[in-house]
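Single-structure report; data block below.
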Amino acid sequence: MPHPIILISLLSFAHCQQEYEFGFMLNSNDNYGTAFEKIINFAIDKFNNGTNQVTLTPKIHHYDGTSLYKMVNEACDLLTEEIDLIISPSYSDSIGVQADVFNKVDMPVIGTSATDSHLITGSRDELFLLPPLDEMQAHVIVDILSKYGWMKPSIIASDSNYGIHGVTFFQKLLVETTAEVSVKEEFDTSVYFFKAEDNPEDIDISDITTNVLD
């Protein structure tokens, strides 16, 4: 859950200047964005009602996650306001675009969800990712497999670009440790996502699990 991370991040400003304005980029098509907005308001209200002498003001902007143009346009609109930094729960593909816009004008961006190791580049020197990166997670998984002697794992991954770099790096590490990937099963994320949204009882992953278990 991101709310403890937000509270800890906000507390670091308690002994600095007297007032800060934070910009937030939230995907209007993502239920996670709606929940994140509630967390933002809770965290900032709790902070402002504390004993410190600092006031935080959120500037929340919603963007259409189905349109790259609309997302970039919303990012530019956010830059017209007086803000000190950007916080975004967007996934890796979107946070990369946002960082390209904001970092061009030396505006720092904190990503609370993105984990793609390829996001860290020389041109995004003010992009800060809070979760462990995919490559770090891959190393940990391989260490666990090696510790218990599980040298024939099966991989279930989406067929989209979500997490693709992490899965690719994970496979590379497995080859280096002489582990054998018995099955690599991919699934259509859009199909399962919409079923989960509309009729979760209709979700059937038996075809995936059967291939893996066989």
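The values are calculated or read from the model by the stated rules, or taken from the named source; none is laboratory data. Just so it is clear, the structure is predicted and the values come from calculations on it, not from any experiment. All Cβ positions, glycine included, derive from the backbone under ideal geometry; neighbour counts span all protein chains shown. Quick note on the areas: whole protein, heavy atoms, side chains included, nothing else; ligands and nucleic acids left out. Shrake-Rupley method; radii C 1.70, N 1.55, O 1.52, S 1.80 Å.
Which of the residues spanning the range 23-39 are of a type in the set (Val, Ile, Thr) and surrounded by fewer than 16 Cβ atoms within 10 Å (Cβ to Cβ)? Matches in the range 23-39: THR34 only. Checking PHE42, PHE47, PHE102 one by one, the residue that is within 22 Å of GLU21 (Cβ to Cβ) and surrounded by fewer than 17 Cβ atoms within 10 Å (Cβ to Cβ) is PHE42 and no other. Please verify whether ASP100 is more than 27 Å from ASN41 (Cβ to Cβ) and free of Cβ contacts under 8 Å to residues at least 24 places away in the same chain, treating the condition exactly as stated. Spelling it out, it is not the case that ASP100 is more than 27 Å from ASN41 (Cβ to Cβ) and free of Cβ contacts under 8 Å to residues at least 24 places away in the same chain. Of all the listed residues (LEU79, LEU68, LEU85), the sole one being modelled with pLDDT of 90 or more and touching a Pro at 6+ places or on another chain (Cβ under 7 Å) is LEU85. Among residues of the range 154-167 being over 19 Å from LEU119 (Cα atoms) and open to solvent by 30 Å² or more (accessible area, probe 1.4 Å), the one that is modelled with the lowest pLDDT is ASP159. Reported count of residues in the range 50-66, each being over 19 Å from LEU78 (Cα atoms), open to solvent by 70 Å² or more (accessible area, probe 1.4 Å) and not β-branched (Val, Ile, Thr), is 1.
Residues that are of a type in the set (Lys, Arg) and open to solvent by 60 Å² or more (accessible area, probe 1.4 Å) are absent from the range 116-128.
Quick grid of which residues meet (1) among the aromatic types (Phe, Trp, Tyr); (2) modelled with pLDDT of 90 or more:
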position: ILE95; (1), (2): no, yes
position: GLN98; (1), (2): no, yes
position: LYS104; (1), (2): no, yes
position: ILE110; (1), (2): no, yes
position: LYS152; (1), (2): no, no
position: PHE169; (1), (2): yes, no
position: ASP188; (1), (2): no, no
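Here CYS76 passes the criteria (1) touching a helix residue (DSSP H, G or I) at 6+ places or on another chain (Cβ under 9 Å); (2) open to solvent by 50 Å² or more (accessible area, probe 1.4 Å); (3) under 29 Å from GLU135 (Cα atoms) except the one numbered (3).
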